[in-house]
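Visitor: Let me begin by handing over the structure; questions about it come next.
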Amino acid sequence: MKLILLILIVSQLCYAFLRYRRRAYVPILVATAIGFALGQAWDFLGLPSARLGQANVLPALVFALLLQPLARFVPRPNRDPNEPKEPNPSR
């Protein structure tokens, strides 16, 4: 539960303070969650880390910050509605 809260807090901080040309929250959240997952993998491998409860904070923050420039490549659904094409007026 603490890990999810940390992911949400760090993603909000990245969204607020890191300036990029295209900013959307969901890709930043995805990049932060992947960073924290890589931080947990770092802990699973037994590499040195700084922990906060069960969460491996230091490598997770580093990975989350390093992945933020890649957040613009996360695919997003198109918000334009799909409308049917106009019928052919050749009748």
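Visitor: Would the range 16-28 turn up any residue that is charged (D, E, K, R), closer than 16 Å to ARG72 by Cβ and in contact (Cβ under 8 Å) with a residue 24 or more places away in the chain?
Guide: yes
Visitor: In this structure, is VAL57 within 10 Å of the chain's Cα centre (by Cα) and at pLDDT 70 or above?
Guide: No.
Visitor: Let me ask something else about it. I need the full set of residues from the range 3-50 which are among the small types (Gly, Ala, Ser) and either under 12 Å from the mean Cα position of the chain (by Cα) or within 12 Å of LEU65 (Cα to Cα) (or both), in order please. Steps first, please.
Guide: Taking the range 3-50 first, the residues among the small types (Gly, Ala, Ser) are 11, 16, 24, 31, 33, 35, 37, 39, 41, 46, 49-50.
Once the filter is applied, which keeps residues that are among the small types (Gly, Ala, Ser) and either under 12 Å from the mean Cα position of the chain (by Cα) or within 12 Å of LEU65 (Cα to Cα) (or both), the range 3-50 yields SER11, ALA24, ALA31, ALA33, GLY35, ALA37, GLY39.
Visitor: Suppose we filter the range 20-51 for residues that are among the β-branched types (Val, Ile, Thr) and either open to solvent by 60 Å² or more (accessible area, probe 1.4 Å) or at pLDDT below 85 (or both); how many remain?
Guide: 2
Visitor: Something else about it: Look through the range 70-91, keep the residues that are part of a helix (DSSP H, G or I) and open to solvent by 60 Å² or more (accessible area, probe 1.4 Å), and return whichever of them is modelled with the highest pLDDT. Full working, then the answer.
Guide: Our first condition is that a residue be part of a helix (DSSP H, G or I); within the range 70-91, this holds for 70-73.
This time we only want the ones that are open to solvent by 60 Å² or more (accessible area, probe 1.4 Å), so: 70, 72-73.
Working: LEU70: 81, ARG72: 75, PHE73: 77.
Only one residue fits best here, namely LEU70.
The values are calculated or read from the model by the stated rules, or taken from the named source; none is laboratory data. Keep in mind that what you see is a predicted model, and the values were worked out from it rather than measured. Neighbour counts are summed over all protein chains in view; Cβ atoms, including those assigned to glycine, are modelled from backbone coordinates with ideal geometry. SASA here: full protein model, heavy atoms, side chains in, ligands and nucleic acids out. Shrake-Rupley method; radii C 1.70, N 1.55, O 1.52, S 1.80 Å.
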